[in-house]
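Okay, structure first, notes after.
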Amino acid sequence: MNKRILYTLGLLILGLAGCNGIQGPSPDEIVSHMQGAAGGAGGRHLLLDVTPDAAVWPDTLAVEVWEKGADRHRMEVRQATGVPWAGMVMVINGSQAWLYDPSHQEVTVGTPATVRLPVVQDVVLSAQELIRTADASHPQLLGSEQLDGGQAYKLGLALPDGGQATIWIDDQTWLARKVVFNSDALGHGTVVIRTFETNVDIPDSFFALAVPEGTRVVDLNAVETSSPPLSLADVQQQVTFPILVPTYLPPGIALTHVALADGAVVLAYGPTPNAFTLVQGPSVGPLPALDTARTVTLRGKQGTLIIEEGQGLFLTWEENGVHISIAEPLPETEPLQIAEALQ
């Protein structure tokens, strides 16, 4: 009897060892399946929940996306809280871009580099870039988790700039279900993919915006054609105060645009998500009292720092009779450090 029990136990142990020897897909295989599932010659249609940065932007936006090839995109904001972005539409046909803002009854037209859907577009495109290049980011299988609709593999990615990303991939369809990333180059964000349809027949005409009746059109192409870009030297000749420029900039940020508006010098730095605007000009008087404003000390003077949750950051002070301000779409750069580095 004891020998029979030992024999049975031996068979059981061997069986369990055999079962444990069955390996699931490797991280590289999972990535290959994911990229294959997301490809295809036809169009793609996605419903996304987009959170730009949970630490500073607690609201999630519902975004519908259509894509065809590498250069045709259409994004429509279906729901937004905290910002008046519901109904905004971004369309790119490769060489031309349109941005419709229903809250201001305005359509901006220009090149894809000059016309962008604020914040949302960068988060969505960063998530897609991570999916496309995941095989080069040393993927590691972190396990699996239950998401709405099924089980998903959880992959961790080590990004070249030292950042981290995590992608959840459906273990049945191989489609990415969720992407979370934190990176100096790509920014911060979370994208949850609610639906992902591939090989969708989308006509080319869908990637052109029909301007709604009564909407004002701002054509950046006409502006750029009619007036050559200004340089710092050009603007300095038109103002009586010395223009200050930062000797420190966040990694990857550079001066992208110089303008003169109502006697004030506007210096735009980019690209997003760490873009900011530096304005210097005549005094505008005291700011209105705001609950979100606080006094800060910089450059031996007192300034005002305003952070509006979900809307951005505004730092302002006066120096030698000149009003100076730094404004950002999101408080992700180092405004005080930039201010201290002005020369």
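Some observations on this one:
- Using the Cβ-Cβ distance between A158 and A222 with R0 set to 45 Å, the FRET efficiency works out to roughly 0.50.
- Projected label distance in nm at T114 and Q146, using a 7 Å step from Cα toward the beta-carbon: 5.3
- Each residue in K301, K154 was given a count of other beta-carbon atoms within 10 angstrom of its own, and listing them fewest first yields K301, K154.
- Relative contact order for the stretch 24-218, counting Cα pairs under 8 Å that sit 6 or more residues apart, in percent: 25
- Here R299 and V211 are evaluated by their C-beta separation; at R0 = 41 Å the FRET efficiency comes out at 0.35.
- Projected label points at T195 and N320, each 7 Å from Cα along the beta carbon direction, are separated by 6.0 nanometres.
- Within straight-line reach of K178, meaning a Cα separation under 12 Å, sit the following aspartates and glutamates at least 8 residues removed in sequence or on another chain: D49, E145, D148, D170.
- Virtual spin-label span in nm between E106 and A261, 7 Å along Cα→Cβ: 0.9
- Given their separation in residues at 0.36 nm each and the Cα-Cα distance between them, H138 and E64 gain 23.6 nm when the chain is fully extended.
Only the coordinates and a few stated rules stand behind these numbers; no lab work does. The model shown is predicted, which means the values in this text are computed figures rather than measured ones. Cβ: placed from backbone, ideal geometry, glycine included. Neighbour counts: every protein chain shown.
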